[in-house]
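Everything on this sheet refers to the single structure shown next.
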Amino acid sequence: MEKIKINTLSKQYHVYVGAGAIQQVDQDLRHMFNHYSKLMVITDETVLSLHIEQLKQALPASLEVLVYAVPASEQAKTFAIYEKCMTFALQNGLDRKSCVLAFGGGVVGDLAGFVAATFMRGVPFIQIPTTILAHDSAVGGKVAINHPLGKNMVGAFYQPEAVLYDTSFLSTLPEREIRSGFAEVVKHAFIADEEFLENLMNQITSFEQLSGEKLTMILKRGIEIKRDIVSQDEKENGIRAYLNFGHTLGHALETYLGYGKTTHGEAVMTGMIFALYLSMKQCQLSFPLNNFIQWIEKLGYDWKIPSSIVFDEIIEVMKRDKKSVSQKPQFVLLTNIGHPILVEVEEPLLKAAFHNISRTDCQ
C-alpha cells in the first residue's frame, strides 16, 4: 500500500492507496475516529449492495454508523438529493462532532463533500473512493452539486480529513466505469508527465491489464500529479485550472446531453481530443493525434461528438464554464506534453475544431 501526503494551505492529510487501505481506520486513523460522535455514510445504491458490510466491519464498533444511499448516477448531484441528505442528518441527530464518509465514486464524493462542507457550517468528512475516476475527484477538496444550466456550479473547496483508496473495491467495476476513470489518468499524464503518457500508451492495450500493483502505481502517479498542483493552488486562482484539461467541452457535453447520459470520463476524452486539436492549431503543439485516437479506440472509447449536437447551442454551454471570462470560453491547451496553458480561443477556431475532430484524419 502507498501513502501520499497532501499539503494545502487549509489542511494536511494522507491518501492511502492499495488493497486493504480501508484497514487504516484501525491503524493510522484510529485516533481520528475517537473524536467523532457519529458517522454518516453517504453511498450509492450499487456500492451499498456490494461493499457496505466490508466498510462497516472496518469501522469502530463503538461508533453509531448511519447509512444514506442515493441514486447510482449523476442524478444524485441535485438540490433535491442534497436536501434529503441534510434532512437525514438532522433527523438522526448528527452534530458538529459527527463525520461524513463519502463511500462511492466521484458523484458520491462530490455530493457527500458538499453536504459535509455545509452541514452546520462544516463537519469533517473522509473520502473512501470505489472507482478509478475518483482517484482525481477524491483528492484536492473540490465538492459540488450540479445546476440544470451547468455541472458543479454549486460547491465549495473543502478538504477531507483523509482519503482511503482501497483498490479491492475496484474489482467490481464494469468496463464502462473503468474506461471513464482511466480518462482522468490520461489527463494527468497530458498536463504533467510525457513519460507517464508514453508508458500508458505502450503498456495499456486492454483494461484487463489494470489490476494489482500496476493499477496501484498508475493511480499513485495520477494522485501525485494532482497533489503537486493543488499544493501550489488550492482554490484554483492559477495553475489548478490545468486540471480541467478536456473539461470545458467535456462538462458542456454532460450538461447538453443530460446528466448521466454519458460518463464523465467519456465526455472528458472527447474534450481532450478537442483540446489537442486546438493546441495543434493555436499553440503549434506537435503530437501524433491519430496514433492517440487509434489507441483509445482500441480501449473502446467512442470519442466523436454526437451528430445531434449543434455547435451554436454547445458553445453557449461552454460560455458558462467556470473558467470563462465575460462569456468568452477559456481553454486549457498544451504547448508541449506536460506544459499546459490557459488561453482564450476565438469562436471561429472552436467551430472549426468542433466540425473537424469527428473526421477520421484529425491532422
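The values are calculated or read from the model by the stated rules, or taken from the named source; none is laboratory data. It should be emphasised that the depicted structure is a prediction, and the values quoted were computed from it without experimental measurement. In this analysis, Cβ positions are derived from the backbone assuming ideal geometry, glycine residues included, and neighbour counts consider all displayed protein chains.
When you check Lys304 against the structure, is it of a type in the set (D, E, K, R), under 30 Å from Tyr13 (Cβ atoms) and within 22 Å of the chain's Cα centre (by Cα), yes or no?
The answer is no for Lys304.
This table checks each residue for (1) modelled with pLDDT of 95 or more; (2) surrounded by 15 or more Cβ atoms within 10 Å (Cβ to Cβ).
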| residue | (1), (2) |
| --- | --- |
| Ala61 | no, no |
| Glu64 | yes, no |
| Glu74 | no, yes |
| Asp95 | yes, no |
| Gly104 | yes, yes |
| Ala112 | yes, yes |
| Thr118 | yes, yes |
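Beta carbons closer than 6 Å, at least 6 apart along the sequence or on distinct chains, pair a first residue in region 60-89 that is touching a residue at least 24 places away in the same chain (Cβ under 8 Å) with a second that is of a type in the set (S, T, N, Q) for Leu66/Asn92; Ala69/Thr43; Ala72/Thr46; Lys77/Asn146.
Within region 332-353, the set of residues being in a strand (DSSP E or B) and out of contact with any helix residue (DSSP H, G or I) (no Cβ under 6 Å at 6 or more places or on another chain) comprises Thr335, Asn336, His339, Ile341, Val343, Glu344.
Rundown of residues vs (1) under 26 Å from Lys220 (Cβ atoms); (2) of a type in the set (Lys, Arg); (3) within 13 Å of the chain's Cα centre (by Cα), yes/no style:
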site	(1), (2), (3)
Gly106	yes, no, yes
Asp110	yes, no, yes
Thr118	no, no, no
Gly122	no, no, no
Val139	yes, no, yes
Val154	no, no, no
Ala162	yes, no, no
Pro174	yes, no, no
Glu177	yes, no, yes
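In this structure, is Ile225 in contact with a His (Cβ under 6 Å, 6 or more places away or on another chain), on the phi < 0 side of the Ramachandran plot and without any contact (Cβ under 8 Å) to a residue 40 or more places away in the chain? Judged against the criteria, Ile225 is a match. Of all residues in region 284-331, those that are among the charged types (D, E, K, R) and part of a loop (DSSP other than H, G, I, E, B) total 7.
Of the residues that make up region 148-168, is at least one of a type in the set (Lys, Arg) and modelled with pLDDT of 95 or more?
No: zero hits.
Taking region 82-182 and the strands (runs of 3 or more DSSP E) fully enclosed by it, the elements with 3 or more residues that are within 23 Å of Gln54 (Cβ to Cβ) and either out of contact with any helix residue (DSSP H, G or I) (no Cβ under 9 Å at 6 or more places or on another chain) or outside the structural domain of Glu254 (by TED's automatic domain parsing) (or both) are at 99-104, 125-129, 163-165.
When region 178-220 is examined, which residues are found to be charged (D, E, K, R) and modelled with pLDDT of 95 or more?
Those that are charged (D, E, K, R) and modelled with pLDDT of 95 or more: Arg179, Glu184, Lys187, Asp193, Glu194, Glu195, Glu198, Lys220.
Within region 325-356, being of a type in the set (Ser, Thr, Tyr) and either touching a residue at least 24 places away in the same chain (Cβ under 8 Å) or surrounded by 15 or more Cβ atoms within 10 Å (Cβ to Cβ) (or both) holds for one residue alone: Thr335.
In the condition set (1) in a helix (DSSP H, G or I); (2) at pLDDT below 95, Asp28 is compliant with all but (1). Taking the numbered list (1) modelled with pLDDT under 85; (2) of a type outside the set (S, T, N, Q); (3) over 21 Å from the mean Cα position of the chain (by Cα) in turn, Glu346 passes all entries but (1).
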